[in-house]
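Please read the structure below before turning to the comments.
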Amino acid sequence: MNPEFSAPTVDATDLDATDADATDATPDATIVVPLVGASVTELTDWIQTQGQPAYRGKQLHQWIYERGIQSLAEVTVFPKAWRETVTNVNIGRSRIALRSPSRDGTVKFLLEMVDGQIIEAVGIPAYKTGSNKLDRLTVCVSSQVGCPMACDFCATGKGGFKRNLERHEIVDQILTVQADFQERVSNVVFMGMGEPLLNVENVAEAVRSMNQDIGIGQRSMTISTVGIPGQIRRLADRHLQSTLAVSLHASNQEVREQLIPSATKYPLEALLDECRDYVNITGRRVTFEYIVLAGMNDHTQHAHELAHLLKGFQSHVNLIPYNPISEVDYQRPNDRQLQVFMSTLKAKNVAVSVRRSRGLDANAACGQLRANQLEQLATPA
Ligand code: SF4
């Protein structure tokens, strides 16, 4: 163990070293120094604590984000003697526990964190129509291990919650997909495991890193939430330019509470007030997600209610026809009813679209909602 890592003197909140198992640390134990997700300034500060000159901070930045190194031992421009002192350092990279490609080119990864927890990340390529040239590469990232929100239609929600992901664990998902596809990631959606707004600080820091360190436009990132009181405003105060996608799924409070248990503490009006603040503060419109469940929230009356709810709102509604899975009882709406629902909204001047289902694996990402969103994302523009 290099003692320098156990007592870093740099910006500490982000680059504190942690033993993979502090209670069982041995001289050879892996130490996590979360350099992934760190800015060039943070890396410069840190490398100097290692007795290296400041210019190596910029070099390290390039090797982490452009070359996608897994370990410091790979940075061959650094002195060999120094690299040999840091062989037990994990810079914040995960291990691919499973790589599962789909026929449409989508690749789902199960990633193992240093503490053994497993999360999902999905790489979703979109090709230019009629060619095999990549148009976009979207990554669906997780923000938590599991999820505490327990949405009634979601497989992830039924699995319980373990912990929040750290900044480096979120950014690592991008680097992993980028390395696997050998292509630059163009878009990011926080629609994997977890509720991002229960982990605002790490999510916002990860967005900063993806933008400034990796070069992904903030407007090409979408943060999806079922709504946590006070957190949409908190996110707005960070003045991110990312798109906010709010999972509404209901046109009235009663139905929403049946689908999203946490909605009992968050009346629809209060949620929409925060969304209005988000639009006012960031100048960005809000996307509302509406998973359509046969007989549950797809009546024409629901469409009227939804139009009334969103009257005058700068927004877009995505209707997501539900695909039944074994764990829950809901059914897919029939196409005619879906068309009536959409036409009713359009007639009331609500911007609306339906996401096309392409039959992605049922266990992809965050339950059925996430699976359907991924299918849409994989569709060529
Ligand atoms: S839909 Fe999203 S917020 Fe709801 S339980 Fe699943 S992961 Fe959590």
Cut-off under 5 Å, modelled amide H: who pairs with Phe288 long-range
Val246, His316, Val317, Asn318
Signed unit charges on C-beta, dipole axis of the chain, positive-most listed residue Met296, Val36, Pro196
Met296
Cα axis of helix 167-181 to longest principal axis of the chain: angle in degrees, 0 to 90, nearest 10?
90
So how tilted is helix 367-377 from the main axis of the chain? Cα-based, degrees 0 to 90, rounded to 10.
90
Mean-square fluctuation maximum in Gaussian network of the chain, Cα pairs under 10 Å, restricted to Ser142, Ser315, Ser100, hits Ser100
Could you work out which residue, out of Ala81, Ala97, Ala294, moves most in a Gaussian network model of the chain, that is, has the largest mean-square fluctuation with Cα springs under 10 Å?
Ala81
Of Ala73, Pro53, His308, farthest towards positive along the dipole that unit charges on Lys, Arg, Asp, Glu beta carbons give the chain:
His308
Provide the gained length on full extension for the span Arg238 to His304, in nm with one decimal, where the gain is 0.36 nm per separating residue minus the Cα-Cα distance.
20.3 nm
Explain nothing, just compute: Karplus ³J(HN,Hα) = 6.51 cos²θ - 1.76 cosθ + 1.60, θ = phi - 60°, for every residue of the stretch 102-108 in order, whole Hz, x for Gly and Pro.
10, 4, 7, x, 5, 10, 9
Using a 7 Å offset from the Cα along the Cα-to-Cβ direction at both Gln117 and Ser353, what is the distance between the two label points in nm, to one decimal?
3.4
Suppose the chain between Glu66 and Asp273 were pulled fully straight at 0.36 nm per residue; how much longer would it get relative to their current alpha carbon spacing?
70.4 nm
Out of Gly123, Gly37, Gly230, a Gaussian network model of the chain with alpha-carbon springs under 10 Å gives the largest mean-square fluctuation to Gly230
How charged is the neighbourhood of Gln241? Take every other residue with its Cβ under 9 Å from the Cβ of Gln241, and add Lys/Arg as +1 and Asp/Glu as -1.
+2
Run the dipole for the chain about the Cα centre, Lys and Arg Cβ at +1, Asp and Glu Cβ at -1, nothing else charged, and hand back the magnitude in debye, nearest 20.
1580
What is the antiparallel percent of DSSP beta bridges lying wholly in the chain, to the nearest 5?
45
Listed by chain and number, the residues whose amide H is under 5 Å from that of Ser224, excluding neighbours fewer than 5 places away on the same chain and using placed H, are Phe190, Ala245
Where does the chain land at 222 nm, in deg cm²/dmol rounded to the nearest 500, when only DSSP H runs of n ≥ 4 count, each adding -39500 (n - 2.57), divided by all residues?
-9000 deg cm²/dmol
Give the calculated FRET efficiency between Asn132 and Ala179 to the nearest 0.05, with a Förster radius of 25 Å applied to their Cβ-Cβ distance.
0.80
Regarding the chain, what's the average projected area of the Cα-atom convex hull, expressed in nm²?
19.4
The answer for the chain, accessible area per residue at 1.4 Å probe in Å², is 41
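The values are calculated or read from the model by the stated rules, or taken from the named source; none is laboratory data. On a predicted model such as this, the values are computed, not experimentally measured, just so you know. Glycine also receives a Cβ, built like all others from the backbone with ideal geometry; neighbour counts cover every protein chain displayed. Areas reflect the complete protein model, heavy atoms only, side chains present, ligands, DNA and RNA absent. Shrake-Rupley method; radii C 1.70, N 1.55, O 1.52, S 1.80 Å.
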